[in-house]
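A short write-up of the structure that comes next.
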Amino acid sequence: MRRFVGIAALPFVAFALAQCGSDGTGAACVDCDAGADAIVDAAADGGADATADASADAHVASATTAVISKTHRYIAGAQGMFGGWGPHLGHLVRSKEGDLWFADDSCDDSGAGACDVLVNRRLDYHRFANGAWTRAKSQPLPSGVQQNTGTIVDGASLATYGVNTSTSRFSECRFVTATMVASCSDVPIALASGTNYVGAAISPAGYKVVWATTVQDGGGGSFGWIVDYGGGFNGPRTGPIGGYNDASYIHAAFYGGARASEIAMHAQLVSGLAPNWTFTGAVGDVDTASSNAVTFAVLAPAGSDAAISTDDIAIDPATNDAHMIARTQSGAAAYYFRAAGKSWGAPSFVLPKVYRARLIVLEDGRLALVYGPNGKGLAYRIAAMRAPGVAVDWAATPEVALTLPNGYANVYAIYTEAAVYQRAFPKTLNVAIVGDANQREVLHVAIDP
């Protein structure tokens, strides 16, 4: 375990990542998000956008780091297998006992358990105790699971979901943290061929929601979700997605109070024929107590810079105001705000040259924005969520840059401890990251602001 001190950030160094998608067949569908093999240098302007440099004052914070895993699923040079895949999926969660866990899609460098693009071998459950991470349990995944999985805390268990392409079902793996007993079985609800891009969340009321999209190259895909109110899964609730190929990489957040069964979903919509896809950022809402399908609406651009993909979404449980970060065509992270009962507008703040960004609602009511300024490791801002109906003024919120170990200059994935995966809002900031230098390694960063 190593401890580092951070100071206020300087201008960004830029890079951009091209995206790829699914072949829509189900049998050999490989998810690659923003394939790290496609990195190109886009630093011509030096990241000079004034909105990113909010304050000249130095703000010092500390971050404690510890390596979680060195068997994170990744194959060098293989399209669809870069180590930053799937930050929209919950992996970093706090168990009923209060321990921090990381449920990792894992594989080996060689041998029978070697990494394979078409086979997700196993789940490794890592527990944090006494300042260090230990692999406590490994659970083989069903042979039909190809893509990565998403994890939530369901009572005494960690529940992990993937798409089993051989049975056209969701696979559910349960790990009881107190007893270390783990097992996997299929959810008995049929899925259409070509379904993938799994996601999962748990509501404040304890509803489990699992979703995926049916991919149709050239248009005509669909999106569906299933829900468990406590007596088993119901669904699927399925609908078209406006002629798009699929709705993928979905980040989700639940509303609070009387709207606790309602969920907001931030999606990437794909159109066109492979390999010439076009990507569009979108958002939709649905009441999980209903049987309705999700209807997605396209996001407004940041000026002339279109939103093309997802970074994160969060909701203030006290006001039901919604906050969202979307990735833009230029490789920026754009902040959107929607007051309760209102519509989404254009973004009010943009961080240029930021590949990954996440939003975390803390137990004390503050909102954290954690992101990876390209070439500069990890940074964050923390702000009080303001009066009802008022967006966070991120430009006036000091940025704090954290110095990380070597190998994490470019952050490819940020996994967060967040209420959408475990029902409870975190007290402090805990993230797990994957860097560019060693994509088989996952690093825990505990931030003490």
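Throughout, read-outs are computed from the coordinates displayed, never taken from laboratory work. Predicted model only: the values in this text are computed from it and were never measured. Because the Cβ atoms are built from the backbone with ideal geometry, glycine has one as well, and the counts that use them run over all protein chains shown.
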Neighbour cut-off at most 11 other Cβ (10 Å), DSSP loop, trypsin sites (Lys or Arg not before Pro), region 279-368: LYS342
Post the alpha-carbon centroid distance, region 355-425 to region 164-226, in whole angstrom. 27 Å
What number does region 218-335 give for Rg over Rh if you use C-alpha atoms and the Kirkwood radius? 1.00
I need the peptides 202-214, 232-244, 108-120 ranked by packing, meaning the mean over residues of other C-beta atoms within 10 angstrom, with the highest value on top. 202-214, 232-244, 108-120
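Using packing as a proxy for protection, rank 426-437, 136-147 so that the peptide with the highest average count of other Cβ atoms within 10 Å comes first.
426-437, 136-147
Under the √(5λ) rule applied to the eigenvalues of the Cα gyration tensor, what semi-axes describe the equivalent ellipsoid of the chain? Give them in Å, descending.
Numbers: eigenvalues 166, 124, 105 Å².
Computed over the chain, the values are 29, 25, 23 Å.
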Could you estimate the translational diffusion coefficient of region 326-443 from the Stokes-Einstein equation, with Rh from the Kirkwood formula over C-alpha pairs, at 20 °C and 1.002 mPa s, in whole µm²/s? 142 µm²/s
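Determine how many Å³ per residue the convex hull of the Cα atoms of region 84-140 encloses.
Numbers: hull volume 6.4 nm³, N = 57.
Output value, Cα hull per residue: 112 Å³.
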Read phi for every residue in region 94-110 and hand back ³J(HN,Hα) as whole Hz from Karplus 6.51 cos²θ - 1.76 cosθ + 1.60, θ = phi - 60°, with x for Gly and Pro. 10, 6, 4, 7, x, 8, 8, 10, 10, 9, 10, 6, 10, 6, 9, 6, 7
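So, R0 is 25 Å and r is the distance between the beta-carbons of ALA156 and ALA66; what FRET efficiency does that work out to, to 0.05? Please list the in-between numbers first.
Working: r = 25 Å, r/R0 = 1.01.
Using R0 = 25 Å, I get an efficiency of 0.50.
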When the Cα centres of region 265-301 and region 123-139 are compared, how far apart do they sit, in Å? 35 Å
Using the basic label-point model (7 angstrom from Cα toward the beta carbon), what is the VAL298 to ALA383 distance in nanometres? 2.8 nm
In nm, to one decimal, how far is the modelled label at ASP186 from the one at LYS427, with both set 7 Å along Cα→Cβ? 4.3 nm
How many nm is it between the label spots at ALA396 and LYS342, if each spot is 7 Å from the Cα in line with the beta carbon? 1.6 nm
Kirkwood hydrodynamic radius, region 73-219, all distinct C-alpha pairs: what's the number in Å? 15.8 Å
Just to confirm the filter: which GluC sites (Glu not before Pro) across region 324-431 are DSSP coil and have at most 15 other Cβ within 10 angstrom of their Cβ? GLU363
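Over region 205-252, what number does the Rg to Rh ratio reach, with both radii from the alpha-carbon atoms and Rh per Kirkwood?
Details: Rg = 12.2 Å, Rh = 11.5 Å.
Taking Rh as the inverse mean 1/r over Cα pairs, Rg/Rh reads 1.07.
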Can you give me the long-range amide H partners of HIS251? Hydrogens built in the peptide plane at 1.01 Å from N, cutoff under 5 Å, separation of 5 or more residues or another chain. HIS266
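Stick to the Cα atoms of region 192-285, pair each with every other, and give me the Kirkwood hydrodynamic radius in Å at one decimal.
Values: mean 1/r = 0.0727 Å⁻¹.
Evaluated over region 192-285, this radius sits at 13.8 Å.
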At q = 0.17, 0.22, 0.31 Å⁻¹, what log₁₀ I(q)/I(0) does region 368-411 have when each alpha carbon counts as one equal point scatterer in the Debye sum? -0.53, -0.72, -1.06
Based on the mean of other beta carbon atoms within 10 Å per residue, what is the order of 386-393, 248-255, 408-415, 95-102, most packed first? 248-255, 408-415, 95-102, 386-393
What do the square roots of 5 times the Cα gyration tensor eigenvalues come to for region 123-202, in whole Å, largest first, as semi-axes of the equivalent ellipsoid? 25, 12, 11
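Could you work out the helix-only [θ] at 222 nm for the chain, with each DSSP H run of four or more residues adding -39,500 (n - 2.57) and the total divided by the number of residues, to the nearest 500 deg cm²/dmol?
On the way: 1 runs with 4 residues, N = 449.
Result for the chain: 0 deg cm²/dmol, rounded to the nearest 500.
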